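Engineer: Sharing a structure with you now.
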Amino acid sequence: MSKELLTKIESLETPMVEALGEMISYPAISPLDGGEGEFHKAQYLLKKIKELGFEDVKVYASSDPQAAGGERPNIIVRFPGRSGRRLWIVAHTDVVPEGERSLWETDPFKAVVKDGRIYGRGVNDNGQEVIASLYGLFAIKELGLTPEYEVCLAFVADEEVGSTHGIKYLIKKGLFDKDDLVVVPDMGTEEADFIEIAEKSICWMEFTVEGKQVHASLPNLGVNACRAANGFAASLDEALHAAFPETDKLFDPAESTFEPTRRRANVANINTVPGVEVFCFDCRVLPTVPLEDVKKVVEAEIKKAQEKYGVKITYRFPQYEEAPEPTAADAPVVTELLAAVKKVFPKVAPKVGGVGGGTCGAYFRRAGIPAVVWGQESDCAHMPNEYTKIEHLLNEAKVFALMMLGR
């Protein structure tokens, strides 16, 4: 039966590629990043789901006046199985902005199929998994097979900016149970050889340095916020790395990371000393390090910088998430996924471990629901010329379908 199922999925290559290409033509960028949200993409998906013959479909919409349609839709597709236990496959529909358009060789929101790849913003993160899970279940339905589990596909909103309108919203609705098997295919490797069961804490920090703006020919009359921000950022970088040198081989990289990232524009001209400077750090912290300890180091460095440069420094946390307990390496969802991966990739010996990147998996673990993160993906998420390999799309559909059938 497995061979027939895998052959069926291979026969669906053309409609899967077409569906993914059509879907990414609907930008689903958060209003927080200047977009309209997922409403239009969700409308496309609901039409496609209906065309594929699925009947048990429900939309859980979180209200958002800033988004198109005034809502952030989450789509749930259910399909009955032999047992009462549920298998969830959770993929997100939102995408990050395309960034600098000149770096793209194609229109980011018009799919291009070339040399076995599909190019476009969101094809890799996370459109590939939306289509793979949907068509994996469609193959089972078309063959008249009954899954071992009740299969629940969740196409969720808002993952890229914190999941307030997505997974967090659905968890509050009580959709999930601690006996559920949850797969979040939002991270993967080219070889499909890594299953993520743990994540680091996430601490995003935005600092505002306030000095006094003056003409650059008379810097003595002002306080240069740019110089203060530069010095403070460098000192904070060194202090954080020195304070938290611990390593954990479960993770790659094995240490906590503290990265200076975004810097907002200050003055528009060269000959003005800026009075305000805003910059950010992205910190991915080992679970053994309390974020409160990170905060203490930050506040100590702020005090030093304020005294040294004569500025005022304030900060906020766009994200502040303590890492939950890892999913057990022998949890049923891990063993079921391992079995399916080995059938599709007989020469692969998957490693089970942790990552620094945040996924929806952490929200499930925080709610006491074991979850795993897996996928076969090229490392190009959030990059210009983002792509997915058609081979990866088909392989993921095969793995998901085999998990649905059970062993």
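The values are calculated or read from the model by the stated rules, or taken from the named source; none is laboratory data. Worth saying up front: this structure is predicted, and the values here are computed from it rather than measured. Please note: Cβ atoms are built from the backbone with ideal geometry, for glycine as well, and neighbour counts cover all protein chains shown. Quick note on the areas: whole protein, heavy atoms, side chains included, nothing else; ligands and nucleic acids left out. Shrake-Rupley method; radii C 1.70, N 1.55, O 1.52, S 1.80 Å.
Engineer: Looking at segment 386-407, I want the residues that are closer than 15 Å to PRO346 by Cα and have a partner that is in a helix (DSSP H, G or I) and open to solvent by 10 Å² or more (accessible area, probe 1.4 Å) with Cβ atoms under 6 Å, at least 6 apart or on another chain. Which pairs are those?
Structural biologist: ASN395/VAL344; LYS398/LEU6; LYS398/VAL344; VAL399/VAL344; LEU402/LYS343
Conditions (1) out of contact with any strand residue (DSSP E or B) (no Cβ under 9 Å at 6 or more places or on another chain); (2) open to solvent by less than 20 Å² (accessible area, probe 1.4 Å), marked per residue:
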site: GLU10; (1), (2): yes, no
site: PRO15; (1), (2): yes, no
site: GLN43; (1), (2): no, no
site: ASP56; (1), (2): no, no
site: VAL77; (1), (2): no, yes
site: ARG86; (1), (2): no, no
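Engineer: Let me ask something else about it. Go through segment 99-115 and give me each residue that's free of Cβ contacts under 8 Å to residues at least 24 places away in the same chain and open to solvent by 100 Å² or more (accessible area, probe 1.4 Å).
Structural biologist: Hits for segment 99-115 are ARG101, LYS114, ASP115.
Engineer: What's the number of the only condition in (1) among the basic types (Lys, Arg); (2) in contact (Cβ under 8 Å) with a residue 40 or more places away in the chain; (3) out of contact with any Lys or Arg (no Cβ under 8 Å at 6 or more places or on another chain) that LYS200 fails to meet?
Structural biologist: (3)
Engineer: Under 8 Å between Cβ atoms, at least 6 apart or on separate chains: pull out the pairs that start in segment 178-197 with a residue that is small (Gly, Ala, Ser) and end on any residue that is surrounded by fewer than 17 Cβ atoms within 10 Å (Cβ to Cβ).
Structural biologist: Once the first residue is small (Gly, Ala, Ser) and sits in segment 178-197, its partners that are surrounded by fewer than 17 Cβ atoms within 10 Å (Cβ to Cβ) give ALA192/VAL348.
Engineer: When you scan segment 142-179, how many residues do you find that are surrounded by fewer than 20 Cβ atoms within 10 Å (Cβ to Cβ), on the phi < 0 side of the Ramachandran plot and not polar (S, T, N, Q)?
Structural biologist: So the answer is 14.
Engineer: So MET205 clears everything in (1) assigned to a loop (DSSP other than H, G, I, E, B); (2) open to solvent by less than 20 Å² (accessible area, probe 1.4 Å) except one condition, right? Which one?
Structural biologist: (1)
Engineer: Examine segment 125-147 for a residue that is of a type in the set (Lys, Arg) and touching a Leu at 6+ places or on another chain (Cβ under 9 Å), and state whether such a residue exists.
Structural biologist: Checked segment 125-147: at least one residue is of a type in the set (Lys, Arg) and touching a Leu at 6+ places or on another chain (Cβ under 9 Å).
Engineer: Scan segment 148-160 residue by residue and report those that are touching a Leu at 6+ places or on another chain (Cβ under 9 Å) and aliphatic (A, V, I, L, M).
Structural biologist: Matches in segment 148-160: VAL151, LEU153, ALA154, VAL156.
Engineer: Let me ask something additional. Within segment 113-130, can one find any residue that is of a type in the set (A, V, I, L, M, F, W, C), closer than 22 Å to PRO27 by Cα and not in a helix (DSSP H, G or I)? Even if it seems obvious, please write down each step before you answer.
Structural biologist: In the first step, residues of segment 113-130 are kept if they are of a type in the set (A, V, I, L, M, F, W, C); the result is 113, 118, 123, 130.
In the following step, the residues that additionally are closer than 22 Å to PRO27 by Cα were identified as 113, 118, 123, 130.
Checking which are not in a helix (DSSP H, G or I) leaves us with 113, 118.
Within segment 113-130, one or more residues are of a type in the set (A, V, I, L, M, F, W, C), closer than 22 Å to PRO27 by Cα and not in a helix (DSSP H, G or I).
Engineer: Just the residues that are free of Cβ contacts under 8 Å to residues at least 60 places away in the same chain and over 16 Å from VAL294 (Cβ atoms), please, taken from segment 230-248. Please lay out each step first, then the result.
Structural biologist: To start, the set of residues in segment 230-248 that are free of Cβ contacts under 8 Å to residues at least 60 places away in the same chain comprises 230, 233-234, 237-238, 240-247.
ASN230, ALA234, THR247, listed by residue number.
Engineer: So which residues in segment 249-266 are open to solvent by less than 50 Å² (accessible area, probe 1.4 Å), hydrophobic (A, V, I, L, M, F, W, C) and touching a residue at least 24 places away in the same chain (Cβ under 8 Å), if there are any at all?
Structural biologist: Answer for segment 249-266, where residues must be open to solvent by less than 50 Å² (accessible area, probe 1.4 Å), hydrophobic (A, V, I, L, M, F, W, C) and touching a residue at least 24 places away in the same chain (Cβ under 8 Å): PHE251, PHE258.
Engineer: Let me ask another. Considering only segment 234-247, I want to know if a residue exists there that is open to solvent by less than 50 Å² (accessible area, probe 1.4 Å), of a type in the set (S, T, N, Q) and within 26 Å of the chain's Cα centre (by Cα).
Structural biologist: The answer is no; no qualifying residue exists.
Engineer: Something else: Would you confirm, using the coordinates I've provided, whether GLU377 is touching a residue at least 12 places away in the same chain (Cβ under 8 Å), in contact with a Lys or Arg (Cβ under 7 Å, 6 or more places away or on another chain) and more than 23 Å from TYR149 (Cα to Cα)?
Structural biologist: On the way: touching a residue at least 12 places away in the same chain (Cβ under 8 Å): yes; in contact with a Lys or Arg (Cβ under 7 Å, 6 or more places away or on another chain): no; more than 23 Å from TYR149 (Cα to Cα): yes.
Here the answer is no, as GLU377 does not meet what is asked.
Engineer: Tally up the residues in segment 167-205 that are in contact with a Cys (Cβ under 7 Å, 6 or more places away or on another chain) and over 21 Å from THR257 (Cα atoms), please.
Structural biologist: 2
Engineer: Here's something else I'd like to know. Quick check on segment 45-54: of everything there that is farther than 19 Å from ALA157 by Cβ and either touching a residue at least 40 places away in the same chain (Cβ under 8 Å) or touching a Ser or Thr at 6+ places or on another chain (Cβ under 7 Å) (or both), which residue is surrounded by the fewest Cβ atoms within 10 Å (Cβ to Cβ)?
Structural biologist: Filtering first and then ranking leaves GLY53.
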